Amino acid sequence: MESLTRLLTAVLAVGLLVAVGVLMTVSYQAAVTRHTAEQRQRHQVTVILLADAVSSSDSPYAPVYRQRMPVKARWTEPDGTARTGNVYARYPGERGDRISVWFDASGSPVPELTTLGDLQAQAWTTGLAAVSLGEFVLFVAYCSLRTALDRRRDAAWTVEWAVVEERWRHNV
C-alpha cells in the first residue's frame, strides 16, 4: 500500500508540473496578446515640460506609482496637432526637460507599456505560485492518506494482537 501511495504521489506531481507548464504558457501568451493590442492602441510622444515636476512622495524610495506626479506639458501629436495639458512625469524634472509619455487613441496620457521582460516575470511568478500551491495540496493529501493508512494498520494490528495475546497469556 505504501508503494501505491508513492506511485500515486509521483503521478500527481508529474501531472502538476505539466499543468503548471501549460498555465505558464497560456498566461504568457494572453499577456503578449494584450501587450500587442495595447501597443496598437497607444503611441509614445516626447513632451516638453512647461513646469517643474516635483515628487509627490517625501521618500526617494517610495514605490513608482507614488512618484508619478501631474505636470503641465506641451507636445505634438503624430498627426501634427500641437497640444498642451497635464501628463504624468515618472521622475522629477525641470521646466524645458523632454520626457517620453504614452498616449491612447483619444490623446489621453496612459501608463507606459509593460515590457516583455515584465510579462515573462509575471508568467514565471504565476507558475511558481501554482507549483507552490500544488505542492502544498499534494503534501496535505499525502499526509492525510498516510495518516489514514497508519490508523487502518494500527486498528488491524490491535485486533490481531487481541487474538494472539489471548493465546500467549495462557501459555506463560
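The values are calculated or read from the model by the stated rules, or taken from the named source; none is laboratory data. Keep in mind the model is a prediction, meaning the values are calculated, not measured. Glycine also receives a Cβ, built like all others from the backbone with ideal geometry; neighbour counts cover every protein chain displayed.
Computed values, structure above
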read-out	value
Failed condition for C143, given (1) under 30 Å from M24 (Cβ atoms); (2) at pLDDT 85 or above; (3) surrounded by 11 or more Cβ atoms within 10 Å (Cβ to Cβ)	(3)
Filtered residue count, segment 73-105, keeping only those that are at pLDDT 85 or above, in a loop (DSSP other than H, G, I, E, B) and buried (at least 16 other Cβ atoms within 10 Å of the Cβ)	1
Only one of G93, G134 that is within 27 Å of P78 (Cα to Cα) and in contact with a Leu (Cβ under 6 Å, 6 or more places away or on another chain)	G93
Some residue of segment 13-21 being in a helix (DSSP H, G or I), farther than 30 Å from R146 by Cα and more than 21 Å from the chain's Cα centre (by Cα)	no
P70 vs. criteria at pLDDT below 85, farther than 24 Å from V131 by Cβ and not in a loop (DSSP other than H, G, I, E, B)	yes
